[in-house]
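The values are calculated or read from the model by the stated rules, or taken from the named source; none is laboratory data. Since the structure is predicted, the reported quantities are computational estimates derived from the model, not experimental observations. Every residue, glycine among them, receives a Cβ derived from its backbone with ideal geometry; neighbour counts consider all protein chains shown. When the accessible area is computed, the model is the full protein with side chains, heavy atoms only, and any ligands, DNA or RNA have been set aside. Shrake-Rupley method; radii C 1.70, N 1.55, O 1.52, S 1.80 Å.
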Amino acid sequence: MNASYEWLRDFVHFSLSPEELRDLLTSRVATVDDIIRLRADLAEVVVARVVEVERHPNADHLWVTKVDAGSGELRDVVCGAPNVTAGVLYPFAPVGSTLPGGLRLEKRKIRGAVSEGMLCSARELGLGTDHEGIMALDVNVSPGTKFLDAMPVGDVRLVVDVLPNRPDLLSHEGLAREIAAATRTPLQTPVIRDSSDDVGASPRGPSSFNVTVEDVTGCPRYMAAVIRGVTIGPSPSWLVSRIEAVGSRSINNVVDATNYMLHGFGQPMHAFDISALYGNQIIVRRARADERIKTLDGVDRTLDSEMTVIADANKAQAIAGVIGGEGSEVTDATTGILLEVASFDARRVRSTRRKLGVSTDASYRFERGVDADACPRHLRYAIDLIMAVAGGLLEGEPVDVSATLEARPTIRVRHERVSALLGEEIDNAEVERELSTIGFSVATDKAGSDLSVTPPTWRSDVVAEVEVIEEIARLHGYDKFSSDIRPFRPSNVPDAPLHLLTMRVREACVASGLLEIRPLPFTRRNDERSLRVRNPLAEDESFLRQDILDTLARRAEFNLSHMQRTIRLFEIGAVFAANDAADGALPDERVHAGVLVMGDRRPPHFTEPRPPHYDEWDAKALAELLGEAAFPGHVISCAPPEDDTLWNITVDDVKVGIVRRVPLDAPTWAAAAFGIEIDLEALSPSPGRMYSASPGISDRQLHERGSKGLPSHSYRPIPAMPSIDIDLALIVSDGIRAAQVEQVIRGSAGELLERLALFDEFRGAGIPDGSRSLAWRLTFRHPERTLREREIQGRTEKIVKALEGELGVRQRTA
């Protein structure tokens, strides 16, 4: 779900920053995966302070200024704005940056004076039409701060991971309802802009359109309204900005209005060109066998009798809940529309969508559940919105054809059950107060201990007591629950032997310098024994894997494509094989451990600039190490096989794994790759027995370590941008330690320095007595963009200057 920060503020007036809102939603509602600032074209603009202002010697209307942009050096900038003032902060685009519209700034002379960037006006930044003066900033930030961090310009998109049980969160209104509850701020319906006096007026005459619902099961509620006299055209800017903020594109005012309702209120809608509907009627019915319809995506589709369609008196015009038909869509020539608001059976929509192989924003919501009780409110708002942006008048009253809608069940919630499940006493008054903020009705019984809770119509996922208790815990706040270890435990059952085994193997791999990956167990490899997933997450990986080395090989190829030559990966996960015991039987699933190594055996050092590469003997040693960790106390051996693998790994003469070369789609400079794979279930432990971890670590100790949790680690995302390596050779006096030089380099290189390695020491010709040449390799990388050569050159010069000033170390030139 893509949510617009500004759109959410239309529903509830909160003062949270995007980052604070992200944290609130993640802790209470649903995980926010990302925050995307939509004015990325201003990412290179910074806040700068004008330090000096002088008249241009060769122009009456220009100024020569000195600007502090946070780099440590003042920059000369020629400015033509009359309001430039010393001591004031302005937006500044440095040399090399690109302004909105595509203008790339370069260092150049203007009337004989050098200009190193631009002080920007609101118009140049795409923030208004004012071009008379530069944009003075009233902010308390340091020069060099990113403009987007200092100024709340542009919208912000929040990418929310909405789980299938919360369809109410697939809308801005649903998210805003939770924000309103958390901030104790009223929830409101956004005011429709561009409204005229005609909006909300009484309908014009009776409607001549008839609606019949034959398939009541597939369509519990169908509402329609006819609006005549609309003018199709571009949407107003506020509506375009809302649609584009969630990643959609503006089409026309009527279609944008229906998309506004979908993303704003979670209610998919469809507008038909009323002149294209035959017989002045809508019939909601089952599709006829082999009935055909050409949908809006231009595809001819064949339907079956298990699908629901929206038809006129002649033919199907839309597939209910999935996609509209071509021919009745709104065009520039449309003057009258029939606006549809409905609730369709979720299972029917999902089945239809899967059969037809088409997925839309509408089907995504309908197959998770749409609140049928909200249809009248949504239709009324949509009518007003369309009349505001496209004109027209409502013809007659809206039609409402609905079956008897099921009332929401009343759920008994026992106070003692709440305390038992949550481990803490939560007062009934707090429970009632918190549940009421998100629309639940709560009543206390006569004894004052139990509650009768009725969920709102938009919370179809809450049907049992335990689900209400989950809501209580969420609203109370997970962070408020005590983290103390209580004198009771949920169970005293020891960890499963296989779990302890995998912990030992994982620790052995990490101790060997291997890096763990945890991918999904799917692959693109297809052979006679491959098992295809019926509903794959991705068509290019639609088969269950038969070995872990296949997955590790794809990860290695990905690393090689990013110029990573040395690869040390391992995974502990499931592999699958066909079960021939019976037709339709589930595949056999086993737990394997896999390792793939290639490239340098050890990190480069100036004493060994080119370490040897991994070979088959290194792989054999790793295989024996993993075998000893997995099966301690048993005889582990690696014997040459009869096939094309390198070694067979055996435990007590039972084959448990292999060592082999791994073929890769690799560049010519890549080293050979070696893989190890072990079946961790090859020797199932007898009941009640666990393998000893090692002579010094008992299973009991390992179990206790697992209960306490592994040591905490810090993680960072894998870099997506390319790095730049710079080699810096320095003449260093024997009295200066390399660590001192490294400290100065790190202190002056800035935040873009990713890695620093000393790789060479030299004494001899050209090096003064009492000194030696030390060479460092500096790796620079920006997390969001490709670095420019000029940036790295500037940082290198700054490093050399700092070294000479602080330590008397100079750069070696020959």
Checklist (1) in contact (Cβ under 8 Å) with a residue 40 or more places away in the chain; (2) open to solvent by less than 10 Å² (accessible area, probe 1.4 Å); (3) not in a helix (DSSP H, G or I) applied to T352, failing item: (3)
Specify which of the listed residues (A578, A585) is aliphatic (A, V, I, L, M) and under 19 Å from L680 (Cα atoms). A578
In the range 331-349, what residues are part of a loop (DSSP other than H, G, I, E, B) and surrounded by fewer than 22 Cβ atoms within 10 Å (Cβ to Cβ)? T331, D332, A333, T334, T335, D345
Considering the range 37-52, residues that are surrounded by fewer than 16 Cβ atoms within 10 Å (Cβ to Cβ) and modelled with pLDDT of 90 or more, and then whichever is nearest to G144 (Cα to Cα), we arrive at V51
Here are some conditions: (1) in a loop (DSSP other than H, G, I, E, B); (2) at pLDDT 95 or above; (3) of a type in the set (D, E, K, R). D297 meets all but one. Which one does it not meet? (2)
Can you name every residue in the range 73-96 that is among the small types (G, A, S) and under 19 Å from F147 (Cβ atoms)? A81, G87, A93, G96
Restricting the range 422-460 to residues that are acidic (D, E) and open to solvent by 30 Å² or more (accessible area, probe 1.4 Å), the residue that is modelled with the lowest pLDDT: D445
Has the range 567-583 got at least one residue that is open to solvent by less than 80 Å² (accessible area, probe 1.4 Å), in a loop (DSSP other than H, G, I, E, B) and modelled with pLDDT of 85 or more? no
Might you let me know whether the range 322-330 holds any residue that is open to solvent by less than 10 Å² (accessible area, probe 1.4 Å) and in a strand (DSSP E or B)? yes
Among the residues of the range 128-154, write down those that are assigned to a loop (DSSP other than H, G, I, E, B) and either of a type in the set (S, T, N, Q) or crowded, with 21+ Cβ neighbours inside 10 Å (or both). T129, I134, M135, N140, S142, T145, M151
Which condition number in (1) within 30 Å of S275 (Cα to Cα); (2) modelled with pLDDT of 95 or more; (3) β-branched (V, I, T) is the one that I179 fails? (1)
Hey, can you tell me all the residues within the range 295-314 that are open to solvent by less than 10 Å² (accessible area, probe 1.4 Å) and polar (S, T, N, Q)? T295, T308
Residues A765, A749, A814: which one is surrounded by 15 or more Cβ atoms within 10 Å (Cβ to Cβ) and among the small types (G, A, S)? A749
Residues (closer than 22 Å to S248 by Cα and modelled with pLDDT under 95) located in the range 11-21: P18
(1) under 28 Å from A3 (Cα atoms); (2) free of Cβ contacts under 8 Å to residues at least 24 places away in the same chain all hold for A150 apart from (2)
Restrict the check to the range 104-114 and report whether at least one residue is touching a strand residue (DSSP E or B) at 6+ places or on another chain (Cβ under 6 Å), more than 30 Å from I243 (Cβ to Cβ) and open to solvent by less than 10 Å² (accessible area, probe 1.4 Å). no
Within the range 397-414, the count of residues that are under 20 Å from A464 (Cα atoms), open to solvent by 40 Å² or more (accessible area, probe 1.4 Å) and modelled with pLDDT of 90 or more comes to 3
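Residues checked against (1) in contact with a strand residue (DSSP E or B) (Cβ under 9 Å, 6 or more places away or on another chain); (2) among the aliphatic types (A, V, I, L, M):
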| residue | (1), (2) |
| --- | --- |
| F272 | yes, no |
| N280 | yes, no |
| D300 | yes, no |
| D312 | yes, no |
| D332 | no, no |
| D345 | yes, no |
| V349 | yes, yes |
Filter the range 756-807 down to residues that are within 13 Å of V732 (Cβ to Cβ) and among the aromatic types (F, W, Y), then give me how many there are. 2
Need the failing condition index for Q317 against (1) of a type in the set (S, T, N, Q); (2) open to solvent by 50 Å² or more (accessible area, probe 1.4 Å); (3) assigned to a strand (DSSP E or B), just the number. (2)
Can you confirm whether G279 is part of a helix (DSSP H, G or I), of a type outside the set (S, T, Y) and surrounded by 15 or more Cβ atoms within 10 Å (Cβ to Cβ)? no
Out of E589, E608, which single residue is out of contact with any Asp or Glu (no Cβ under 8 Å at 6 or more places or on another chain), more than 18 Å from L515 (Cα to Cα) and open to solvent by 60 Å² or more (accessible area, probe 1.4 Å)? E589
Starting from the range 606-622, take each residue that is touching a residue at least 24 places away in the same chain (Cβ under 8 Å) and under 30 Å from L774 (Cβ atoms) and list its partners that are open to solvent by 60 Å² or more (accessible area, probe 1.4 Å) and not small (G, A, S), counting only C-beta distances under 8 angstrom and pairs at least six apart or across chains. F606/E761; H613/R601; Y614/R601
Is at least one residue of the range 653-667 touching a residue at least 40 places away in the same chain (Cβ under 8 Å), over 18 Å from S512 (Cα atoms), touching a Ser or Thr at 6+ places or on another chain (Cβ under 7 Å) and basic (K, R)? yes
Report, by residue number, each residue of the range 631-685 that is open to solvent by less than 30 Å² (accessible area, probe 1.4 Å), within 14 Å of K620 (Cβ to Cβ) and of a type in the set (G, A, S). G657, G675
Helices (runs of 4 or more DSSP H) (entirely within the range 372-485) containing at least 1 residues that are farther than 29 Å from S27 by Cα, without any contact (Cβ under 8 Å) to a residue 12 or more places away in the chain and not aliphatic (A, V, I, L, M): 375-390
Scan R242, R249 and give me the residue that is surrounded by fewer than 21 Cβ atoms within 10 Å (Cβ to Cβ) and of a type in the set (K, R). R249
Checked S71, S27 against criteria (among the small types (G, A, S) and assigned to a helix (DSSP H, G or I)); the one match is S27
